[in-house]
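Q: Handing you this structure, nothing more for now.
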Amino acid sequence: MFPDIFRKLARGPQIVMLKDAAIISAFTGISPGYLVVDAGAGSGFLAIYMGNLVRPDGRVVSYERRHDFASLAERNVKKASMEKYVMIKNKDIFEGIDEKDVDVITLDLMEPWKAVEHAKGALKEGGFLVSYVPSVEQFRQFVRECEKHGLKHEQTVECTIREMVLKEQGTRPQIKGLMHTGYITFVRKP
């Protein structure tokens with residue numbers, strides 16, 4: 001189930017699911033006025049979600065190295081009427097982060113550890129660096145790299161959703177659900 005803002009958007013690459021986006025925003029406190037850098041824009045869903053949270057005076061800058069994905073994300077930002085709050089940058093975050101004093105950086109990348117050094121330089125004190133990856137090996141490598149750079153691992157979580165079935169004969173969890181989509185790792189700049 002998607003809120004109206006997402007129903008009209010085109011999907012290309014895999015997106016960060018809303019259940020996971022909600023955990024990211026809840027655990028980092030993304031709020032109006034925040035500067036957020038996102039990497040791996042894909043279809044732009046996470047950037048649009050966060051843009052909705054940082055307005056009216058915040059901004060989300062989403063890096064995407066693939067031109068076709070960056071174009072799709074830009075079209076989706078326009079469809080969602082979020083261009084005042086979300087900017088898509090066709091740039092590889094592994095080459096550097098232009099923004100400084102960033103509140104939150106999210107990395108939806110296969111090798112997020114390659115962005116850690118640049119992320120540390122861009123984050124403000126107390127800022128969050130968040131990685132979203134599908135495997136334990138990836139989040140372990142990410143945490144190890146963060147620790148090498150003096151960033152503090154707060155926690156790694158996984159979010160699953162199972163609806164409840166309500167019937168006269170009894171109430172029970174649904175047999176199927178929206179289970180594992182990714183591991184979400186939160187680290188902070190001390």
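Q: Could you run the Debye sum over the Cα atoms of the stretch 53-190, one equal point scatterer each and no solvent, and tell me log10 of I(q)/I(0) at q = 0.09, 0.19, 0.20, 0.21 Å⁻¹, two decimals?
A: -0.36, -1.14, -1.20, -1.27
Q: Here's another thing I want to ask about it. Cut-off is 10 Å between beta-carbons; in what order do S25, S131, S71 appear when sorted fewest neighbours first?
A: Ranked by crowding around the Cβ, least crowded first: S71, S25, S131.
Q: Right, next: Could you work out how far helix 67-79 tilts from the main Cα principal axis of the chain, as a 0 to 90 degree angle to the nearest 10?
A: With rounding to tens, the tilt is 60 degrees.
Q: Measure out, as a whole number of angstrom, how far apart the alpha-carbon centroids of the stretch 63-100 and the stretch 110-150 sit.
A: 20
Q: Over the chain, with a Gaussian network built from C-alpha contacts below 10 Å, which listed residue (G150, G170, G12) shows the highest mean-square fluctuation?
A: Highest fluctuation among the options: G170.
Q: Restricting to the stretch 4-188, compute how many DSSP beta bridges are antiparallel as a %, nearest 5.
A: 45
Q: Among I175, I15, I161, which one shows the biggest mean-square fluctuation in a GNM of the chain, springs joining Cα atoms closer than 10 Å?
A: Judging by the Gaussian network model, the answer is I175.
Q: What's the angle, to the nearest 10 degrees (0 to 90), between helix 136-148's Cα axis and the longest principal axis of the chain?
A: Between helix and principal axis, roughly 30 degrees.
Q: Can you compute the charge dipole magnitude of the chain about its Cα centre, using +1 on each Lys and Arg Cβ and -1 on each Asp and Glu Cβ, nothing else charged? Give it in debye, rounded to the nearest 20.
A: Result for the chain is approximately 420 debye, rounded to the nearest 20.
Q: If we count every other residue with Cβ under 10 angstrom of P190's Cβ, Lys/Arg +1 and Asp/Glu -1, where does the sum land?
A: Values: positive: K152, R188, K189; negative: E125.
In short, +2.
Q: Also: Does anyone have the angle between helix 18-28 and the longest principal axis of the chain? Alpha-carbon axes, 0 to 90°, nearest 10?
A: The angle comes out at about 50 degrees.
Q: In addition: Pick from R55, R162, R140 the residue whose mean-square fluctuation is largest in a GNM of the chain, springs joining Cα atoms under 10 Å.
A: Evaluated over the chain, the most mobile residue of the options is R162.
Bear in mind that the values in this text are calculations on the coordinates, not laboratory data. Here the structure is a predicted model, which is why all the values come from computation and not from measurement. With ideal geometry, Cβ positions are generated from the backbone for all residues, glycine too; neighbour counts draw on all protein chains shown.
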